[in-house]
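The values are calculated or read from the model by the stated rules, or taken from the named source; none is laboratory data. For clarity, every value in this text was computed on a predicted model and none was experimentally measured. Positions of Cβ are backbone-derived with ideal geometry, glycine not excepted, and every protein chain shown enters the neighbour counts. For accessibility, only protein heavy atoms count, side chains too; no ligands or nucleic acids. Shrake-Rupley method; radii C 1.70, N 1.55, O 1.52, S 1.80 Å.
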Amino acid sequence: MTAVTDTSRSASNKPSFVVCEGNEAAAIGVGLARPDVVAVYPITPQSSLVEHLSQMIADGRLQADLMNVEGEHAVMCGLQGVALAGGRTFTATCGPGLAFMFEPYVRTPGLRLPMVASLVTRDLLTPQCVWGGQQDAMVVREAGWIQMYCETVQEILDSTVMAYKIAEHRDVMLPINVCHDGNYLSFGVTRVEVPDQQDVDEFLGPPNTNWHIALDPLRPMGVDPLTGGAGGAGPRNFVRYRKGQVRGMQNALRVIREVHAAWGERFGRYHAPLVEEYRLDDADYALVTIGSMTGAAKDAIDIARDKGEAVGLIKIKTFRPFPLEAMVAALAKVKRIGVVDRSVSFGWNCGPLYQDTLGAIYHTGRAIPAISFIGGLAGADITVEHFARAIALTREAEWGRISSEPVWLNEND
Amino acid sequence: MGKCFSTLQFHTSRCDGCGDCMTACAQAKANTDDQAYSRIHILPKTAGEVVELALCRQCADPICVMNCPSGALSKNGDTGVIDWAESKCVNCLLCTAGCAYAGIVYEAKVGHVAKCDLCDGDPACVKVCPSEAIEYRTAARIFNAYAGKEDMFCRGLSACHGCNSELLIRHTMRMVGPDSVVAAPPGCIPGMGTVGYNGQTGAKVPIFHSLLTNTATMLAGVKMQYNRVGRDVTAIALAGDGGTSDAGFQSVSGAAERNDPILFICVDNEGYMNTGMQSSGVTPYGSWTSTTPVGGQMQGKRTEAKNLPIIMTMHNCSYVATASTAFLEDYYAKLEKAIKVAKTGMAYLHVHAPCPTGWRFPSGITTEVCRMQVRTNFVALWEYDPENGLRFTHPVDRPEPVADYLKMIGKYRHLSEEQIAHIQRTVDEKITYLRQLTVMAATRHPASVH
């Protein structure tokens with residue numbers, strides 16, 4: 001990608017502008033966060049992200065150590081070592097790579113290591129597939145990582161930097177996946193604003209990864225002794241540990257809001273931290289979306305609004321922890337809901353986001369009709385036309401007329 | 001901490017009674033071939049008895065010295081030898097009455113008592129013994145050198161009775177010292193409580209219960225960060241053979257290929273002993289394990305062990321060596337090198353760790369089993385670095401039959417004659433292969449021949 005420097009950039013603390021793809025935007029965000037170690041292993045459609053980072057390190061633009069390892073499993077293990085020794089880390093993966101990483105991946109939240117890793121979301125095998133889809137991220141939605149889904153290339157850059165501040169917050173101390181859609185965002189090229197390094201340094205502060213758990217001869221401790229079993233202090237210790245981890249996730253809802261607000265104040269870009277409500281206040285019904293599909297969905301909403309339809313949109317930014325309170329507030333405003341997933345729940349014959357939305361509807365205290373739409377699998381495009389169809393079906397959603405089957409948006413493309 | 005001294009050890013089973021030791025002693029002490037002047041005496045075999053050696057044990061609490069009324073006998077605080085001063089001796093022979101070993105006796109031809117003085121630390125008898133039946137045991141030197149160093153583990157680790165892995169890790173970490181980070185993947189090492197239970201730890205150094213699959217890479221990350229901030233920390237793995245050769249192999253191989261600056265110790269007890277004695281990739285052919293059982297259709301493991309330390313040399317990492325806890329001097333020399341090497345590159349030590357519980361042998365003979373592994377060439381002790389290639393550190397040119405090793409161990413109890421012959425053949429082949437590597441090394445690097 002060609003970097004286009006804004007001619008107005010002369011004074012310090014002024015942002016610059018580049019035109020780049022989503023993967024490069026993530027790499028720029030990582031660079032601004034100044035990690036100590038970046039561990040890399042390629043996988044489509046993530047590869048160009050770690051290629052950009054490797055080049056930044058090779059050029060000396062990023063003063064990080066580069067860890068070239070033999071697979072995603074090693075990526076996560078090596079970075080756990082770095083974090084336990086006090087370093088700030090980054091990596092990125094997706095799809096089968098995430099599956100291979102799974103063993104150390106599920107351990108990172110339990111170790112309370114505040115890592116940041118991009119998931120350049122990709123559909124899972126099989127059928128063999130190298131294109132976008134959110135099945136990989138949805139499979140690990142209960143692994144204990146925070147998940148934030150980006151809508152735009154700019155949001156990737158901003159969220160990647162913010163993720164470090166959220167993860168390393170003492171009330172959180174949990175790893176974060178900044179998710180952006182493979183293909184649509186990873187290779188989508190737009191103009192993005194790059195904040196000034198000094199501003200970011202002040203915003204983030206120095207890394208603080210191992211004050212609570214360390215492999216450090218100056219603070220010797222046994223890290224992760226066996227805990228549990230029946231009887232004695234084991235089960236009690238384990239429960240307290242788990243409870244603390246769950247509390248950290250809940251604390252993250254507050255911290256994510258605070259950090260997004262602070263980011264907006266400093267850099268002038270206010271991204272919805274948990275849930276974005278779009279033309280919702282006077283809406284009768286709404287779509288729920290996640291990730292890059294939201295852009296086309298908003299266009300479809302605008303078109304429907306122009307035709308007099310009272311339709312709005314609820315976008316999920318933070319999916320884990322699930323933003324229950326924000327979702328309940330949004331859902332309380334409408335009478336019918338259509339949820340568009342870019343993945344499936346094999347157990348429920350619907351999308352996972354739909355399933356969680358039903359859970360949130362319960363908390364509104366009133367049942368409303370809801371339809372599950374599944375689209376955009378394996379790199380398929382969810383177009384304005386697809387959303388128009390989803391809007392039309394949602395408008396007609398009535399008790400007794402809702403199919404128990406999801407609507408597969410790209411089935412007849 | 002007290003001091004230990006070297007002494008002579010006699011191996012009854014190896015002595016054929018040739019008497020060369022006595023001749024050497026007589027020559028050294030009286031300049032004669034007359035064995036009457038020897039200060040050690042082979043007690044001839046009688047029916048149903050084994051050979052014994054009358055020899056001064058240089059006791060720590062010597063009765064001869066206590067009995068001596070004239071001050072002729074004294075324990076030398078520097079050498080540990082019981083010194084006898086002819087000028088003070090009154091020939092009362094009370095000393096001989098106190099000695100249970102016939103280590104000090106009246107020699108009629110000489111005209112007074114005589115006893116072994118260890119030839120100032122270079123015993124003549126040891127040098128001439130053709131069957132290594134007399135050893136000058138220098139294990140005490142190791143005790144003296146390292147016993148004063150801090151033990152990095154707490155008391156009361158819960159290893160099985162007779163386990164030498166606990167001995168190994170205590171020795172190892174004394175030498176590595178406190179500026180270290182230990183990773184112990186699932187297995188016997190954490191199983192004995194080194195990482196700890198329910199919030200308590202068994203180690204005084206930072207120690208991590210790593211995954212079976214990630215130990216080497218995780219440590220490489222730890223080391224990378226400390227290098228980055230300019231701190232000298234030894235990153236050391238205490239892993240089992242499963243965490244090294246099987247599920248852990250990708251991680252070990254990756255770290256070795258990158259030559260990550262870590263010290264990786266594989267404690268090889270030939271299987272998953274901690275979790276119930278299942279077979280691993282380095283379980284030897286014929287072994288009974290709980291997943292290679294013995295029955296009508298199966299007679300223990302059907303395939304050979306992979307030769308993991310040789311595979312490690314193929315990675316060209318900075319240092320690879322095998323070791324045995326029965327040869328601690330050899331181990332210490334290698335450990336010392338490995339610690340140094342691990343500051344800049346990967347050092348891999350493959351330590352053989354016979355398991356009384358899983359292999360089914362009495363817990364009192366673990367060290368003897370270790371020793372027999374080496375004496376039969378079932379285990380070869382060698383070291384390798386990319387520059388000098390491979391060399392034996394304890395060559396055994398006249399190995400004892402492998403059958404003598406196998407019969408010590410319950411997991412081989414079922415072996416047929418054919419299976420034993422097969423194992424002997426593979427041991428011979430493996431040692432031949434290693435010899436070829438040493439020849440290659442010597443050809444490439446004449447200076448490295450030892």
Among the candidates B:A216, B:A220, B:A235, single out the residue that is open to solvent by less than 20 Å² (accessible area, probe 1.4 Å) and part of a strand (DSSP E or B). B:A235
Yes or no: A:G78 in contact (Cβ under 8 Å) with a residue 24 or more places away in the chain and either facing another protein chain (nearest Cβ under 10 Å) or among the polar types (S, T, N, Q) (or both)? yes
Among the numbered criteria (1) on the phi > 0 side of the Ramachandran plot; (2) within 13 Å of another protein chain (Cβ to nearest Cβ); (3) touching a residue at least 60 places away in the same chain (Cβ under 8 Å), which single criterion is violated by B:E132? (2)
Residue ID - farthest from the other protein chains (Cβ to nearest Cβ), chosen from residues in region B:177-204 that are in contact with a helix residue (DSSP H, G or I) (Cβ under 7 Å, 6 or more places away or on another chain) and surrounded by fewer than 23 Cβ atoms within 10 Å (Cβ to Cβ): B:M192
Do the conditions hold for B:Q225, that is, is it within 14 Å of another protein chain (Cβ to nearest Cβ), assigned to a helix (DSSP H, G or I), open to solvent by 10 Å² or more (accessible area, probe 1.4 Å) and within 24 Å of A:R107 (Cα to Cα)? no
Determine if region A:229-247 includes at least one residue that is of a type outside the set (D, E, K, R), on the phi > 0 side of the Ramachandran plot and open to solvent by 60 Å² or more (accessible area, probe 1.4 Å). yes
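Yes or no, residue by residue, for (1) over 27 Å from B:E368 (Cβ atoms); (2) touching a residue at least 60 places away in the same chain (Cβ under 8 Å):
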{"site": "B:N307", "(1), (2)": "no, yes"}
{"site": "B:M314", "(1), (2)": "yes, no"}
{"site": "B:C317", "(1), (2)": "yes, yes"}
{"site": "B:A321", "(1), (2)": "no, yes"}
{"site": "B:S324", "(1), (2)": "no, no"}
{"site": "B:L328", "(1), (2)": "no, yes"}
{"site": "B:K334", "(1), (2)": "no, no"}
{"site": "B:I339", "(1), (2)": "yes, yes"}
{"site": "B:A342", "(1), (2)": "yes, yes"}
Would you confirm whether any residue within region A:29-41 is among the hydroxyl-bearing types (S, T, Y), open to solvent by 10 Å² or more (accessible area, probe 1.4 Å) and more than 7 Å from every other protein chain (Cβ to nearest Cβ)? yes
Test A:V161 against the criterion of being out of contact with any helix residue (DSSP H, G or I) (no Cβ under 6 Å at 6 or more places or on another chain) and at negative phi, and give yes or no. no
Could you please let me know if A:E151 is assigned to a loop (DSSP other than H, G, I, E, B), under 17 Å from the mean Cα position of the chain (by Cα) and farther than 27 Å from A:T227 by Cβ? yes
Any residue that is surrounded by 24 or more Cβ atoms within 10 Å (Cβ to Cβ) and more than 14 Å from every other protein chain (Cβ to nearest Cβ) - is there at least one of those in region B:288-301? yes
Please go through (1) in a helix (DSSP H, G or I); (2) open to solvent by less than 10 Å² (accessible area, probe 1.4 Å) for A:A378 and return the number of the only condition it doesn't satisfy. (2)
For region A:359-372, indicate whether the set of residues that are of a type outside the set (G, A, S), touching a Lys or Arg at 6+ places or on another chain (Cβ under 7 Å), more than 15 Å from A:L313 (Cα to Cα) and open to solvent by less than 30 Å² (accessible area, probe 1.4 Å) is non-empty. yes
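If you scan region B:308-325, which residues turn out to be assigned to a loop (DSSP other than H, G, I, E, B) and surrounded by 15 or more Cβ atoms within 10 Å (Cβ to Cβ)?
B:H315, B:N316, B:C317, B:S318, B:T325
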Mind checking which strands (runs of 3 or more DSSP E) fall wholly inside region B:91-177 and carry at least 1 residues that are under 30 Å from B:D268 (Cα atoms)? B:134-137
